[in-house]
Each structure stands twice: as structure tokens, then as C-alpha cells.
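Q: Sharing a structure here in C-alpha cells format.
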Amino acid sequence: MKKEIAIEKCGFYLPECAYYGYINDSPDTADKAKVVKKAMEATEAEIEISLYAELPVSYDKETKNHSLR
């Protein structure tokens, strides 16, 4: 039901694992990069349009560049 309401109101559904609070509140022992990657993959799976090459999949801390697929 949440999904249908979100699609009706916003045009897309964001899985709970992709909520900022879910990611932020994950335990400090969690690998945050894996939590974020899971959130991105879940979001891509839910959205009907292709987000391929839209969400960055890696980040270079030295150059602060995001890499796309």
C-alpha cells in the first residue's frame, strides 16, 4: 500500500533501505558504502525509467570525482 501511495503522490517509490534515516541510523559497525550501494540498487530496481549511468557507483576521495558505470 505504501508503494502505491508513493507512486500516486510522487511518481516513484523509494524503498525503505534508501531512506536517509535508514542509512544514517545503520550501526557504526555497518559498512556504510555497502548500505548506500544496496539503497541505490533497490532504488534503481523500483524506478521504471533507467537510472543506469545516472547514480554514481564509486567516489575517489582524492579527486572528489564520482564515477558512473
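The values are calculated or read from the model by the stated rules, or taken from the named source; none is laboratory data. Note that the coordinates shown come from a computational prediction; the quantities given were computed from them, not determined experimentally. So basically every Cβ, Gly included, is an ideal-geometry build from the backbone, and we count neighbours across all protein chains shown.
Q: Taking the conditions exactly as written (modelled with pLDDT of 90 or more and either surrounded by 10 or more Cβ atoms within 10 Å (Cβ to Cβ) or more than 11 Å from the chain's Cα centre (by Cα) (or both)), does Ala18 satisfy them or not?
A: Numbers: modelled with pLDDT of 90 or more: yes; either surrounded by 10 or more Cβ atoms within 10 Å (Cβ to Cβ) or more than 11 Å from the chain's Cα centre (by Cα) (or both): yes.
Here the answer is yes, as Ala18 does meet what is asked.
Q: Turning to a different aspect of this structure: Only one residue in Glu46, Glu54, Glu41 is under 19 Å from Met1 (Cβ atoms), of a type outside the set (A, V, I, L, M), modelled with pLDDT under 90 and out of contact with any helix residue (DSSP H, G or I) (no Cβ under 6 Å at 6 or more places or on another chain), so which one is that?
A: Numbers: Glu54 fails: under 19 Å from Met1 (Cβ atoms); Glu41 fails: under 19 Å from Met1 (Cβ atoms).
None of the others qualify; the one that does is Glu46.
Q: What are the residues in the range 12-26 that are under 16 Å from Ala42 (Cα atoms) and either in a loop (DSSP other than H, G, I, E, B) or of a type in the set (D, E, K, R) (or both), if any?
A: Phe12, Tyr13, Leu14, Pro15, Glu16, Tyr19
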